[in-house]
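Chemist: My questions will all concern the structure given below.
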Amino acid sequence: MATIDQQQNLGRFGELVLANRELHDQLRATANEADFVALAVQLGAEHGCEFAATVVQAAINEKRRAWLERWL
Amino acid sequence: MRIYWRDGRPMVDWGQLGTRRFTDPFFAQTIHPCVRHPADLLFRHQTLLDELGEIAGSPPGLRPTGFIFHMSRCGSTLMSQMLAAAPENIVLSEAAPMDDVLRAHFRDPGATEERRVQWLQWLVGVLARRRHPAEKNVFIKFDSWHVMFLPLIQRAFPDVPWIFLYREPLEVMASAQKQLGGQMIPGVLEPALFGWDPVAVGRMQLYEYAARVLGKLCEAALTRAQAGQGKLVNYHQLPATIWPALMKYWNVEFSTDENARMLNAAQLNAKNPVLPFEPDSQAKRDSTSPEMRQLTQQWLAGVYQQLEAQRSVTGFA
């Protein structure tokens, strides 16, 4: 699947997470970033949103960069 | 919370603050842990800034109690940390979203003064929400350069009593010599904020720029104080001698315990509260270079004298 499609799927999954506190809490309970990425991929697939771990990791890096950029 | 522009439109990036109070020396220090976990970083609500009005009203935030403006390096963080020591107080200290709104017109021609006034009201409405039962007062310590926006801020909140904190300028310049604040570095703030053109700024030496910025901040406060607004407070009045008069000015009353708690906070280094406070005025004056003394004399001594003269007329006794 093309990266752009996976990014869109991650975006759709993000909307599901924001609308579903339980889903967010599950992801929030992960102990480290690697566990979080693995669980996001798994839960995404279970909810019909397929994306690879590399797409999640790239999104985290981009969000972190954007956040820090504002505060520097 | 963070404000950013997407496709030319101002957006709000939300984070979950949970039960965390604003007790850190700066807003950013309280906010950063909210996005530490990747789940919080990756999955956050984004709304248009123009939608903030609806959000701000439900439930409405507390009305601001007092504003703190300052020239920087003059005890403003000490004051905000003292206030934050009382659970009754919400203290927003140099909150970046407010800076985003106040300076929005430099990046977005659609950010008229009217809209910025509205955005600021909404933003404060959201940030000043009561999240703990004890909270009933809201104090906002602005970034030092926000005194340049005093007329706009007063339009948004006309009845909120404000103070301007300042300090013997050689001591402030000594602090700048040790470590320059962002606002003292050319290019960080828009030259138009001080009525300068970029070419003129480009010709200024580093510490000359710092001294002239500090001078502009003091002049802006002086102008309003001479018009009978606000109160001027000198660093050397902090904290105990001025505290009762200041609380009366802000129309707040605290229990003996809370007053003691706030005054105890003054015993600590405001920016690094694990360390005790140590008076450093003499050491600061002794450490200044001849260049700093000359720049202070040229750009700051006059306005400092005027602030002192005005304070003797309209300041706290």
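Chemist: Looking at (1) more than 9 Å from chain B (Cβ to nearest Cβ); (2) touching a helix residue (DSSP H, G or I) at 6+ places or on another chain (Cβ under 9 Å), which is the one condition that is false for A:Ala59?
Modeler: In the conditions (1) more than 9 Å from chain B (Cβ to nearest Cβ); (2) touching a helix residue (DSSP H, G or I) at 6+ places or on another chain (Cβ under 9 Å), A:Ala59 misses (1) alone.
Chemist: Still on this structure, I have one more. Could you check how many residues of region A:24-33 are assigned to a helix (DSSP H, G or I), of a type in the set (A, V, I, L, M, F, W, C) and at pLDDT below 95?
Modeler: So the answer is 0.
Chemist: Same structure again: Inspect region A:33-56 for any residue being facing chain B (nearest Cβ under 9 Å) and either acidic (Asp, Glu) or more than 19 Å from A:Gln7 (Cβ to Cβ) (or both) and give the result as yes or no.
Modeler: yes
Chemist: Quick one: count up the residues across region B:154-173 that are within 15 Å of B:Val213 (Cα to Cα) and small (Gly, Ala, Ser).
Modeler: 0
Chemist: A follow-up question, please. Can you report the number of residues in region B:27-52 which are farther than 19 Å from B:Val124 by Cβ and of a type in the set (D, E, K, R)?
Modeler: 3
Chemist: Out of (1) closer than 28 Å to A:Leu39 by Cβ; (2) touching a residue at least 24 places away in the same chain (Cβ under 8 Å), the odd one out for B:Arg36 is which?
Modeler: The single condition B:Arg36 does not satisfy is (2).
Chemist: Still on this structure, I have one more. Name, by its number, the condition in (1) assigned to a loop (DSSP other than H, G, I, E, B); (2) more than 14 Å from A:Gly11 (Cα to Cα) that does not hold for A:Cys49.
Modeler: (2)
Chemist: Would region B:16-33 turn up any residue that is away from chain A (no Cβ under 12 Å), among the polar types (S, T, N, Q) and in contact (Cβ under 8 Å) with a residue 24 or more places away in the chain?
Modeler: There is at least one residue in region B:16-33 that is away from chain A (no Cβ under 12 Å), among the polar types (S, T, N, Q) and in contact (Cβ under 8 Å) with a residue 24 or more places away in the chain.
Chemist: Where the second residue is surrounded by 14 or more Cβ atoms within 10 Å (Cβ to Cβ) and the first is among the aromatic types (Phe, Trp, Tyr) and lies in region B:290-317, which pairs have Cβ atoms under 6 Å and are six or more apart or on separate chains?
Modeler: Here the result reads B:Trp299/B:Ala211; B:Trp299/B:Arg212; B:Trp299/B:Gly215; B:Tyr304/B:Pro169; B:Phe316/B:Ile242; B:Phe316/B:Ala245, each pair linking region B:290-317 to a residue that is surrounded by 14 or more Cβ atoms within 10 Å (Cβ to Cβ).
Chemist: Check A:Gln57, A:Gln7 and return the single one that is surrounded by fewer than 18 Cβ atoms within 10 Å (Cβ to Cβ), touching a residue at least 12 places away in the same chain (Cβ under 8 Å) and closer than 30 Å to B:Ala104 by Cβ.
Modeler: Testing whether each residue is surrounded by fewer than 18 Cβ atoms within 10 Å (Cβ to Cβ), touching a residue at least 12 places away in the same chain (Cβ under 8 Å) and closer than 30 Å to B:Ala104 by Cβ leaves just A:Gln7.
Chemist: All but one of (1) of a type in the set (Val, Ile, Thr); (2) assigned to a helix (DSSP H, G or I); (3) within 9 Å of another protein chain (Cβ to nearest Cβ) hold for A:Ile4, so report the exception by its number.
Modeler: (3)
Chemist: Okay, next question. Return the residues of region A:13-53 that are farther than 15 Å from B:His45 by Cβ, surrounded by fewer than 14 Cβ atoms within 10 Å (Cβ to Cβ) and over 10 Å from the mean Cα position of the chain (by Cα); say none if nothing qualifies.
Modeler: Correct list: A:Glu22, A:Asp25, A:Ala29, A:Ala31, A:Asn32, A:Ala34, A:Asp35, A:Gln42, A:Ala45, A:Glu46, A:Gly48.
Chemist: I need the helices (runs of 4 or more DSSP H) fully contained in region B:191-282, keeping only those with at least 1 residues that are more than 19 Å from the chain's Cα centre (by Cα) and of a type in the set (Val, Ile, Thr).
Modeler: It comes to B:198-203, B:256-265.
The values are calculated or read from the model by the stated rules, or taken from the named source; none is laboratory data. The structure displayed is predicted, hence computed values, not measured ones. Backbone-built Cβ (ideal geometry, glycine too); neighbour counts: all protein chains shown.
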